[in-house]
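Visitor: The structure under discussion is supplied below as structure tokens; questions concerning it will follow.
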Amino acid sequence: MEKISVVVSCYNEQESLPLFYKEMERVRKEDFKDIDFEYIFVNDGSKDKTLEEIKNLRKIDDKVRYISFSRNFGKEAAMFAGLEYSTGDYVTVMDADLQDPPSLLKQMYDTIKNEGYDCVATRRVTRKGEPPIRSFFAKMFYKLINKMSDVEMVDGARDYRLMTRQMVDAVINLKEYNRFSKGLFGFVGFNTKWIEYENVERVAGETKWSFWKLFKYALEGITAFSTTPLIIASIVGILFCIIAFILIVVIIIRTLIFGDPTSGWPSLVCIIFLVSGVQLFCIGIIGQYLSKTYLEVKNRPIYIVKETEKDKK
Ligand code: UDP
Ligand code: MG
């Protein structure tokens, strides 16, 4: 019998979890009568009763497995851990807040089965219920990253997707510390079909992503999947050299023709400010890449497990 693993990363989701489980079970009983299931709940260092909720589910249902982290490692780490622990022939990644409708799962499964795709991914076509400023920056981000990176990133793409074991193994084999899944899924390739749906608001609890967190995540995506900023820095450098050279020639000629009245202190200060600003900016870009490299070479684990369902506690 085939098996589907449902990987769910949970951070402070005590209200949503029971609702998620109920809805997912309803879909499973309706649409997947003769397919095995396993749930892998990854407790990402929640500070509320999420772990207790998961353990309660485990008590009534041994399809439920879980991993609990020693602290909050972030959603990327949680997804990675879930994929590593999964044993199914197909694996799906979902949020605990029901923003990824389980009802789509049947359609996704059928597409893989009947149309020969390796992966079915979802994207939301609306961003209803989201602050407009956030939607605006998200749009900008996708425009930018798709110009700069060879890996295609789809605007509005969710992490919600169903993958074959082969693709999951490929993703697990990417052991990088700075994980940006939207890029990693694109990087491994395979035939992916995109299905679209309207944005759904979370059932309970609130979003874990502040604007600042998203901004840092966006920078992560850019440094992880593009070196274009480094090229831009070099080009700006060359441009400034050329301008400086032309200016030198102009000034020498002017001095030879008109003599040398000492003036131009304000313009000099402006130029110093401008050039040192550009220099700092470029060093900052290099620093971004260096810091990522630094974190990678330290080779720290992506997550640390405190307990799983196998530890009887
Ligand atoms: N999440 C996580 N670790 C974190 C932050 C979030 O595992 O540090 C999980 C969270 O529990 C949820 C999913 O990631 O299942 C998506 O988070 P959220 O719904 O807050 O994000 P949004 O849908 O608003 O982008
Ligand atoms: Mg959500």
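Visitor: For K75, what accessible surface area do you get with a 1.4 Å probe? Give it in Å², rounded to 10.
Guide: Counting only protein heavy atoms, the figure is 50 Å².
Visitor: According to a simple spin-label model (label point 7 Å from Cα along Cα-to-Cβ), what is the distance in nm between R134 and E30?
Guide: Inter-label distance under the simple model: 2.8 nm.
Visitor: What is the diffusion coefficient of the range 32-125 in µm²/s, taking the Kirkwood radius over Cα pairs and the Stokes-Einstein relation at 25 °C with a viscosity of 0.890 mPa s?
Guide: Translational D for this selection: 166 µm²/s.
Visitor: Using the Cα centre as the reference, give the magnitude of the dipole from point charges on the C-beta atoms of the chain (Lys, Arg: +1; Asp, Glu: -1; all else neutral), rounded to the nearest 20 debye.
Guide: So the magnitude is around 600 debye.
Visitor: How high is the FRET efficiency from R71 to V269, r the C-beta distance, R0 41 Å, rounded to 0.05?
Guide: 0.25
Visitor: Apply the membrane-span-like helix rule to the chain: whole DSSP H runs, Cα extent along the own long axis of at least 30 Å, mean Kyte-Doolittle hydropathy at least 0.0. List the helices found.
Guide: Answer set is 228-258, 265-298.
Visitor: K3 versus L247, label points 7 Å from Cα toward the beta carbon: distance in nm?
Guide: Each label point lies 7 Å from its Cα, and together they span 6.8 nm.
Visitor: Let me ask another. Quick check: the distance between the Cα centres of the range 238-313 and the range 1-48, to the nearest angstrom?
Guide: 47 Å
Visitor: Still on this structure, please answer the following. Among I243, I172, F141, whose Cα projects farthest towards the positive end of the dipole of the chain, with charges put on the beta-carbon of Lys, Arg (+1) and Asp, Glu (-1)?
Guide: Farthest along the dipole direction, towards plus: I243.
Visitor: Amide H of S9 versus every other amide H placed in the peptide plane: which residues, excluding those fewer than 5 positions away on the same chain, fall under 5 Å?
Guide: The list, which skips near neighbours in sequence, is V42, M94, A96.
Visitor: What whole-number volume per residue, in cubic angstrom, does the convex hull of the C-alpha atoms of the range 214-263 give?
Guide: In the range 214-263, the Cα convex hull volume per residue is 82 Å³.
Visitor: Work out the FRET efficiency for I195 and K310 from their Cβ-Cβ distance, taking R0 = 30 Å, and round it to the nearest 0.05.
Guide: 0.25
Visitor: Suppose accessible area is computed on protein heavy atoms with a 1.4 Å probe; arrange D36, D95 from highest to lowest.
Guide: My answer, sorted largest first, is D36, D95.
Visitor: For the chain, what D do you get in µm² per second when you plug the Kirkwood radius from alpha-carbon pairs into Stokes-Einstein at 25 °C and 0.890 mPa s?
Guide: 110 µm²/s
Visitor: What 222 nm value per residue comes from the helices of the chain, counting each DSSP H run with n ≥ 4 as -39,500 (n - 2.57) and dividing by all residues, nearest 500 deg cm²/dmol?
Guide: Value at 222 nm, helices only: -17000 deg cm²/dmol.
Visitor: Still on this structure, I have one more. Pairs K139/K213; K113/K139; K147/K216; K139/K182: which are spaced more than 22 Å apart, C-alpha to C-alpha?
Guide: Long pairs (Cα-Cα over 22 Å): K113/K139.
Visitor: Do any GluC sites (Glu not before Pro) in the range 151-200 lie in a loop, going by DSSP, with at most 15 other beta-carbon atoms within 10 Å of their beta carbon, and if so which?
Guide: Passing sites in the range 151-200 are E152, E176, E198.
Visitor: Ok, one more. Quick one: what Rg and Dmax do you get for the range 1-59 from the alpha carbons, in Å?
Guide: Rg then Dmax for the range 1-59, in Å: 12.2, 38.
The values are calculated or read from the model by the stated rules, or taken from the named source; none is laboratory data. Owing to the predicted nature of the structure, the values given are computational and were not obtained by experimental measurement. A quick note on method: Cβ atoms are made from the backbone with ideal geometry, for glycine too, and the neighbour counts reach across all protein chains shown. Accessible surface is based on the protein model in full, side chains and every heavy atom, while ligands, DNA and RNA are left aside. Shrake-Rupley method; radii C 1.70, N 1.55, O 1.52, S 1.80 Å.
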